[in-house]
Amino acid sequence: APNSTRPFGLIYIGDTPAFKKLVQNDDAGIETDAEDILTESLFSDINTPDSAINILIGAKKFIEGWDSWRVTAMGLLNIGKQEGSQIIQLFGRGVRLRGKNMSLKRSSALPGDHPDHITLLETLNIFAVRANFMAQFRDYLTREGVPTAAPVQLTIEIKRNDNYLAKRLYLPKAPKYDETAKGKCVPLTTKTAAYITHTTQTVDIIVGRAQQGIQGNQAAAALARKIPAESLKLVDWEKIYLHLLEYKHEKQFHNLIFDISILRKIMDPDQELYGLTVMTESEVKPTSLEEVTRLEALVITLLRKYIAKFYRLKQKQWSSNKARLSRLTEDNDNFTDWEVYIPQNKAQELKPHIQSLIESGEIYGPNVTDLPNAYNDRHLYQPLLAITNEAWGTTPPSLQKSEKHFVEDLRRYARLQREELLTEKEIFLLRNQSRGKGIGFYQNMGFYPDFILWILEGAKQRIVFIEPHGMVYEAINTHNPKVNLFRELRQFSYERFRGEHVQMDSFIISGTDFPTLRAREGMNRQEFAEEWHILFRTEGDPTYLSPIFQ
């Protein structure tokens, strides 16, 4: 492209005789037989911002062994007639996407505004000549139950209850910890509030050594351990420091500063800044170079967790000092219309029926079976979709089973206690959206409770965040921020909002059954509720929600 202002590069990678013969006969001046053993591979250059390489021509070397974020189109010739699995692997080379802030996600999965036509850059285009791989790929998707035709999109507008909005419902609002807040350096220090826990995975380790055969080391039991000071002397601290600098950049902790000495101090077993459970003693007391490498990886994992929690604490401290109450209004981002995606093979039948439900208003009430609605007359808008058919899709995501149960149980509870516990109280419910729209806690962890419940009693107002959540993998202690959120909210609202008669609170509705957690924690239902604000659903009896209102 001699007249082009854009740099253009052409690479031949491969050694198929047919291709060599083709370029030789074309008299294009392309050398195919010379071998340069001194120059570094061009593959190392394709990902640099100033790379002049825009086209790669090759053979099966493209199937594996290289990575690039830049692939936007693939042209295939006589490939894909038989090896279906290799074609899937080849597609993977182009499906990868770096994403915003190294998120590895496309813009459709991220909140906020995005550049126009960004989806064009995120789309992998595949062109082929004399290849039936697309038919194979489509057959593969069909066998796996993945729809191959684009779904039909249908918009369902929500109906807000403006009478509820007139009740002056409040939400906490704090400015975002942005670049302005990051103007002041934050030194990493040893802070007991940043205590973290970690459990290594149970693995079977098989090592082959010359003259020793295959040796196995099976993890058998969980051991609470600290990494001894003698073991910490074996790790490469320069390597660990560079890894954590990369992690800091990845997480955009730009104003966080640290050096090797503070990293060593955090890992000092006498500091008591972490809890560690391992499966074998060798994980903290290495006896080989392989085990030292594993120990370095473990130290990096612990320090990454500590840094993330330490930074969250700094963000929370900064935001708390500037938090205020904001009245809930109709332009709140939690009021979002539904986008429903119907499979192509069902659209012709269902789309007219759903549109008739919308026009008649039935979709905004209870007992809608074709498009299930978790109906609660105290929710601030309708409908609240709870679609269980996996072939369907919605934006935002429809309610999960545990969330639907809570919404319906709360409605039954309000009716049951109307003349008793709720005689002088009014309740209002709102589904809390995820990152970018809803009310969130722990900025870098992204904890957004599923529901916001307001309980009004005279001039007093309680704001309760409700999270239906499985507890199998959650530690129930003061170091778990989700479990301990209610304590922080109560203390925070007492310090900041008591003059405005507003109190904040939180509860978890356990998706894990009571017998399982009782066996693990040794507590009864009352202890779970009073000490940790964890409730257990009882089928057919909504009074399990009573601790929220008492």
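The values are calculated or read from the model by the stated rules, or taken from the named source; none is laboratory data. Not measured: the values here are computed from a predicted model. Every residue, glycine among them, receives a Cβ derived from its backbone with ideal geometry; neighbour counts consider all protein chains shown. Note: areas computed on protein heavy atoms with side chains; ligands, DNA, RNA excluded. Shrake-Rupley method; radii C 1.70, N 1.55, O 1.52, S 1.80 Å.
Within 10 Å of each candidate Cβ there may be at most 14 other Cβ atoms; applying that plus a DSSP loop requirement, which trypsin sites (Lys or Arg not before Pro) in region 401-494 survive?
Listed in order of number, the matching sites are 418, 435.
So if each residue of separation counts as 0.36 nm, and I subtract the Cα-Cα distance between residue 255 and residue 519, what length gain in nm does that give?
Gain in length upon complete extension: 90.6 nm.
Counting only Cα atoms, I'd like the Rg/Rh figure for region 238-337, Kirkwood definition for Rh. Working shown, then result.
Numbers: Rg = 19.3 Å, Rh = 16.6 Å.
Dividing the radius of gyration by the Kirkwood radius yields 1.16.
What do you get for GluC sites (Glu not before Pro) in region 450-550 restricted to DSSP loop and a cutoff of at most 13 other Cβ within 10 Å of the site's Cβ?
Hits after loop and neighbour filter: 539.
Can you compute the modelled spin-label distance between residue 491 and residue 473, with each label point 7 Å from Cα toward Cβ, in nm?
Here the modelled spin labels are 2.8 nm apart.
Share of Cα-Cα pairs in region 283-349 beyond 17 Å, in percent? Each step should come with its number before you reach the end.
Working: 1621 of 2211 pairs.
For region 283-349, the fraction of Cα-Cα distances above 17 Å is 73 percent.
So for the pair residue 222, residue 158, with labels modelled 7 Å out along Cα→Cβ, what separation do we get in nm?
Calculated label separation equals 3.9 nm.
Hey, can you find the accessible area per residue of region 401-506 for me, probe 1.4 Å, expressed in square angstrom?
With all protein chains present, region 401-506 gives 48 Å² per residue.
Shape call for region 391-437 from the C-alpha gyration tensor, a ≥ b ≥ c root eigenvalues: rounded (a/c under 1.5), prolate (a/b greater than b/c) or oblate?
On the way: a/c = 4.63, a/b = 2.09, b/c = 2.22.
Oblate is the answer for region 391-437, as a/c is 1.5 or above yet b/c matches or exceeds a/b.
Which percent of the accessible area of region 423-550 is formed by carbon and sulfur heavy atoms (probe 1.4 angstrom)? Let's see the in-between values first.
Details: 2740 of 5940 Å².
The C+S portion of the solvent-accessible surface of region 423-550 is 46 percent.
By how many nm would the segment from residue 539 to residue 526 lengthen if fully extended, with 0.36 nm per residue of separation less the alpha-carbon distance?
2.9 nm
Just need log10 I(q)/I(0) for region 471-550 at q = 0.17, 0.27 Å⁻¹, Debye formula, equal scatterers on the alpha-carbon atoms, no solvent, rounded to two decimals.
-0.71, -1.35
Quick one: if the Förster radius is 22 Å, what FRET efficiency do residue 189 and residue 233 give, using the C-beta to C-beta distance and rounding to 0.05?
0.45
Lysines near residue 248 by alpha-carbon distance under 17 Å, same-chain residues fewer than 8 away left out - which ones?
Here the lysines satisfying the reach criterion relative to residue 248 are 100, 182, 184, 239, 305, 309, 314.
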